[in-house]
Amino acid sequence: MAVFSAIAGTYIDSSTRQASELAKNYVLEDEQGKVRVLDEMAVVVKNNPDNINVVRIYTSMLTSHRDYKKAINALSQFSHRRGASELTLQECMLKDRLGDYEPACYKSAQSVAKRSAHPGVDLLTILYLTGSKDFDKEKSRYISITGDRQVEDYYDMDKDAFLKKLFPD
């Protein structure tokens, strides 16, 4: 839900505004209403398949609804059209959560994270989930730069527990 509030204050375009409004409605609805809002949101995504904000909001709604396969499908379609993006890590983690670990997916996500001006937690998460030998070194570097020792708590469980915490049953 953090994605909803982060985007709600900054409207880049009318499609993002529409998606954000639907996300607000989604939160307030009962189960039947949530399904209706998701259907409406699917239309917004269909009409704006390259809008990263719209796709991000939609896949966040789907994951909160625990419809992981639909979220993966939306993310995969976006990646197919645009290539690796900031959404690639979410796609990798969802696939991994459902038992479809794809090293190439994480490699693409890592490439995106390294190109970022602030790779931070995304890079740490990728290194952690792939069992990289560089994880501890990168975690220490991250803590020394940010002073954020809380990050140690995020990675204090096994991979499956970590993924299930993010994407519950």
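The values are calculated or read from the model by the stated rules, or taken from the named source; none is laboratory data. Every value quoted in this text rests on a predicted model; they were computed, and no experiment measured them. Quick reminder, even Gly has a Cβ in these numbers, built from the backbone with ideal geometry, and neighbours come from all protein chains shown.
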Quiz item: Do we find that TYR142 is outside the structural domain of VAL55 (by TED's automatic domain parsing), surrounded by 12 or more Cβ atoms within 10 Å (Cβ to Cβ) and farther than 26 Å from SER64 by Cβ in this structure?
Solution: yes
Quiz item: Do we find a residue being at pLDDT 90 or above, surrounded by fewer than 15 Cβ atoms within 10 Å (Cβ to Cβ) and among the hydroxyl-bearing types (Ser, Thr, Tyr) anywhere in the stretch 49-59?
Solution: no
Quiz prompt | Residue list for the stretch 124-139, filter: closer than 23 Å to LEU98 by Cβ, surrounded by 13 or more Cβ atoms within 10 Å (Cβ to Cβ) and not aromatic (Phe, Trp, Tyr) | solution = LEU124, THR125, ILE126, LEU127, LEU129, THR130, SER132
